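One structure below.
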Amino acid sequence: MSLQVNDPVHVSRDNRQLEGVVAYLGNVEFSDGDDWVGIRLTGSSVGLGKNDGTVQGKSYFQCPHQCGLFVKKNLVQRRQLTKLEELRLKRELASSGDAPATAAKTPARKSSTTPGTTTTTT
């Protein structure tokens, strides 16, 4: 299974199924191996994490306190979202000030008031 940052996932931990999004993939300084996945917990799993994306003083990603955790890749399953779930997730991430990169991009558009100029919206 190939995971990418911002993929919605389920994580098996302590006999519980948590939900979140992939926030980090790769090597970490606190343990061996390159199959670590940093998860930002969402929905009913918010607050059940172990960190805020920082472990032993090293920041791997940012999220609210106790909303992040790191697990081995074999404990993570990508989840399919309905359109409604996708909208709720985007709203949740945006309201906490940490929207996924794909949702945060806004294209430049031409101004309708002055010909030949462009305005970038943010």
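The values are calculated or read from the model by the stated rules, or taken from the named source; none is laboratory data. Since this is a predicted model, take the numbers as computed values, not measurements. For neighbour counting, all protein chains shown are included, and Cβ atoms are generated from backbone atoms with ideal geometry for every residue, glycine included. In case anyone asks, the SASA skips ligands and DNA or RNA and just uses the protein heavy atoms, side chains included. Shrake-Rupley method; radii C 1.70, N 1.55, O 1.52, S 1.80 Å.
Taking the condition of being over 17 Å from E29 (Cα atoms), open to solvent by 60 Å² or more (accessible area, probe 1.4 Å) and among the hydroxyl-bearing types (S, T, Y), how many residues in region 50-96 meet it?
Number satisfying all stated conditions: 2.
What are the pairs, 6+ residues apart or on separate chains, where a residue within region 49-67 that is basic (K, R) has its Cβ under 9 Å from a residue that is surrounded by 13 or more Cβ atoms within 10 Å (Cβ to Cβ)?
Listed pairs, sorted by first residue: K50/Q66; K50/G68; K50/L69; K50/F70; K58/V28.
Is there any pair with a first residue in region 30-41 that is closer than 11 Å to K73 by Cα and a second that is open to solvent by 40 Å² or more (accessible area, probe 1.4 Å) and assigned to a loop (DSSP other than H, G, I, E, B) whose Cβ atoms are under 8 Å apart and which are 6 or more apart or on different chains, and what are they?
Every condition considered, the pairs that remain are G33/N27; D34/N27; W36/N27.
Name the pairs whose Cβ atoms lie under 8 Å apart, with the first residue in region 10-26 and of a type in the set (D, E, K, R), the second assigned to a strand (DSSP E or B), and 6 or more positions between them or separate chains?
R13/L69; R13/V71; E19/P8; E19/V9; E19/H10; E19/V11; E19/L41
Select from region 29-44 the residues that are modelled with pLDDT under 95 and open to solvent by less than 20 Å² (accessible area, probe 1.4 Å) and list them in ascending order.
Within region 29-44, just T42 meets the criteria.
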